[in-house]
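Beneath this line is the structure, given in structure tokens, with notes to follow.
Bear in mind that the values in this text are calculations on the coordinates, not laboratory data. Since the model is a prediction, treat every value here as computed from it, not as a measurement. Cβ placement follows ideal geometry from the backbone for every residue including glycine, while neighbour counts extend to all protein chains displayed.
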Amino acid sequence: MAQKPSIPKGTRDFNPEQVAKRNYIFNTIRSAFETFGFQPIETPSFENSDTLMGKYGDEGDRLIFKILNSGDYLAKANEDAYNEKDSNKLTNSISEKALRYDLTVPFARYVVQHQNEIEFPFKRYQIQPVWRADRPQKGRFREFYQCDADVVGSKSLWQEVEFIQLYDTVFTALKLEDVTIKINNRKILSGIAEVIGASDKLIDFTVALDKLDKIGEEKVKEEMLSKDIPQSGIDKLAPLFTLSGSFESQIESLKGILNTSEEGKKGIEELEFINNAISQLGLTTATLQLDVTLARGLNYYTGAIFEVSAPKEVQMGSIGGGGRYDDLTSIFGRPDTSGVGISFGLDRIYLVLEELGLFPETVNKNVEVLFINFGDKEALFSLKAIKQLRLQGINAELYPDAAKMKKQMNHANKRNIPFVVLVGEEEINSSTYALKNMISGEQNKVSLEGLINHLK
């Protein structure tokens with residue numbers, strides 16, 4: 001019995017229409033990246049395990065796809081770990097490589113490895129797939145594309161200002177208006193942890209806080225308690241869970257909460273700088289919003305944190321995010337190289353555009369004309385015309401077989417090809433072409449020049 005074809009959960013096939021729509025998003029983002037001065041790079045799909053592990057926190061590490069060593073991978077397996085069924089120790093001995101979890105850590109590795117070739121500050125963009133062993137659900141896949149832009153070698157907050165403008169530029173170009181760019185600062189989170197007496201639990205605190213919009217206030221408090229964050233400290237967080245109002249009013253509230261934390265005060269200063277700049281520069285369609293519970297759960301963020309929400313009428317997780325990482329490259333041997341970057345979630349953006357009907361009708365550029373095949377002589381004559389049409393940028397093709405006319409016409413209709421050309425003995429002798437409009441049914445004889453002009 002033949003095996004039933006299938007693909008792994010969390011992965012997808014894409015048909016021609018879907019690929020065209022995805023390319024529309026890719027090209028829009030790529031155009032904005034280049035307009036803002038970013039240069040493209042690419043890195044391998046998989047990295048050495050020690051490049052990735054330990055960079056995303058415990059939860060992130062568990063979602064990294066490990067690759068078994070080639071050949072007899074058990075030959076060098078840790079026997080004690082194997083006998084004890086200790087999967088963590090065993091993995092280290094049978095897997096030396098892993099699929100990349102994001103594009104930021106491989107980028108940090110790239111910067112250090114190629115530091116003598118790079119002109120700093122270095123603005124790069126990267127559009128490639130990443131893999132996460134996550135539970136598949138709407139808008140969440142195990143294989144998906146990230147579209148990243150980063151700047152390394154500058155601590156200037158003007159970079160954060162530009163990234164907010166970049167988000168606004170891309171989503172305006174996609175006609176996806178009313179997105180919300182949420183911003184927070186890791187220094188504020190550190191300051192809050194300090195004020196509640198949980199500085200030694202910063203990672204546990206931020207990972208739990210980052211889940212607020214997913215699991216709610218009570219569950220977040222329960223998780224914090226389970227991580228040994230004291231109840232007295234959690235009680236001090238009450239004002240944060242309900243903090244609302246304008247950017248400026250939230251800043252004023254934070255100044256009162258964090259008046260004993262120098263680190264927290266630095267975070268407030270940075271947020272004020274960014275907000276003041278954006279207020280004067282203005283945004284076209286997006287809104288900048290302060291969200292003091294935004295943490296994003298990644299260990300390497302040290303300053304600003306970004307997350308982009310789709311318009312309220314669409315139920316979707318974040319469609320973009322990023323932040324400042326002051327010392328990510330130090331893990332690869334280059335300390336004191338600050339970086340900041342953002343990412344666009346292509347797959348979720350696709351779903352949002354689809355749901356709101358925002359893809360242009362012209363996004364799927366189809367074949368514009370199909371030449372009917374009546375035989376080898378007619379096919380050769382047709383291909384000479386097709387060559388000229390293609391040189392003019394007109395998508396044209398010849399039906400490959402001299403099949404029945406009805407079958408060829410049905411093929412054109414099923415593929416939504418608007419025109420067909422019929423070439424018989426009479427057309428060859430007069431160097432003309434019978435051009436048929438498949439929508440109106442109208443048919444005219446035209447010269448090659450007339451054919452080109454009509455189709456252009």
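If I take every Cα pair under 8 Å that is 6 or more residues apart in the chain, average their sequence separation and divide by the length, what percent do I get for the relative contact order?
Normalised by residue count, the contact order of the chain is 15 percent.
Extending each Cα 7 Å along its Cβ direction at Arg334 and Lys4, get the distance between those two points in nm, one decimal.
5.1
Please give the contour-minus-distance gain from Asp213 to Ser199: 0.36 nm per residue of separation, less the Cα-Cα distance, rounded to one decimal in nm.
Working it through step by step, the gained length comes to 2.7 nm.
Quick one: putting +1 on the C-beta of Lys and Arg, -1 on the C-beta of Asp and Glu, what dipole do you get for the chain around its Cα centre, in Debye to the nearest 20?
Charge dipole of the chain: 1520 debye, to the nearest 20.
Enter the Cα centre distance for the pair the range 261-291 and the range 323-377, rounded to the nearest angstrom.
The two parts, judged by their Cα centres, are 28 Å apart.
Write down the Kirkwood hydrodynamic radius of the range 58-182, to one decimal in angstroms, obtained as one divided by the mean of 1/r over all alpha carbon pairs.
Result for the range 58-182 stands at 18.1 Å.
Restricting everything to alpha-carbon atoms, can you work out Rg to Rh for the chain with a Kirkwood hydrodynamic radius?
In the chain, Rg relative to Rh is 1.09.
With a cut-off of 8 Å between alpha carbons and a minimum separation of six or more residues, what is the relative contact order of the range 84-144 in percent?
28
Efficiency by 1/(1 + (r/R0)^6): what FRET value for Asn88 and Glu354, r their Cβ-Cβ distance, R0 = 51 Å, to the nearest 0.05?
Efficiency computed from Cβ-Cβ geometry: 0.80.
Asn364 label point, 7 Å along Cα→Cβ, cut-off 20 Å on backbone N: hits in the range 1-38?
Residues 12-28 fall inside that zone.
In straight Cα distance, which aspartates and glutamates are under 15 Å from Lys219, not counting same-chain residues fewer than 8 positions off?
Of all the aspartates and glutamates, those that pass the test against Lys219 - Cα under 15 Å, at least 8 places apart if same chain - are Asp204, Asp210, Asp228, Asp235.
Say the dipole of the range 275-401 comes from +1 at the beta carbon of Lys and Arg and -1 at that of Asp and Glu; which of Pro335, Val367, Leu356 then lies farthest toward its positive end?
Pro335
Computed over the Cα atoms of the range 280-418, what is the convex hull's projected area averaged over all directions, in nm²?
That works out to 16.0 nm², a quarter of the Cα hull's surface.
Please state the charge dipole magnitude for the range 253-327, taken about the Cα centre, from unit charges on C-beta atoms (+1 on K and R, -1 on D and E), reported in debye and rounded to the nearest 20.
My answer is approximately 160 debye.
Just how large is the dipole of the range 54-192 about the Cα centre, in debye to the nearest 20, putting +1 at every Lys and Arg Cβ and -1 at every Asp and Glu Cβ?
With Lys and Arg at +1 and Asp and Glu at -1, about 200 debye.
Within the range 391-456, count lysine pairs with alpha carbon atoms under 23 angstrom apart where the residues are 8 or more positions apart or belong to different chains.
Close lysine pairs found across the range 391-456: 13.
For Lys265, give me every one of the aspartates and glutamates with a C-alpha distance below 15 angstrom, ignoring sequence neighbours fewer than eight places off in its own chain.
Glu194, Glu248, Glu252
Going through the cross-link list Lys182/Lys211; Lys187/Lys255; Lys155/Lys201, which pairs have a Cα-Cα distance over 19 Å in this structure?
Lys155/Lys201
Give me, ordered by chain and number, the residues 5 or more places off Met438 or on other chains with an amide H under 5 Å from its own placed amide H.
Hits under the 5 Å cutoff: Phe419, Val420.
At 27 angstrom or more along the helix axis (alpha-carbon based) and mean Kyte-Doolittle of 0.5 or higher, what helices does the chain contain? Whole DSSP H runs only.
None pass (Cα extent of 27 Å or more, hydropathy at least 0.5).
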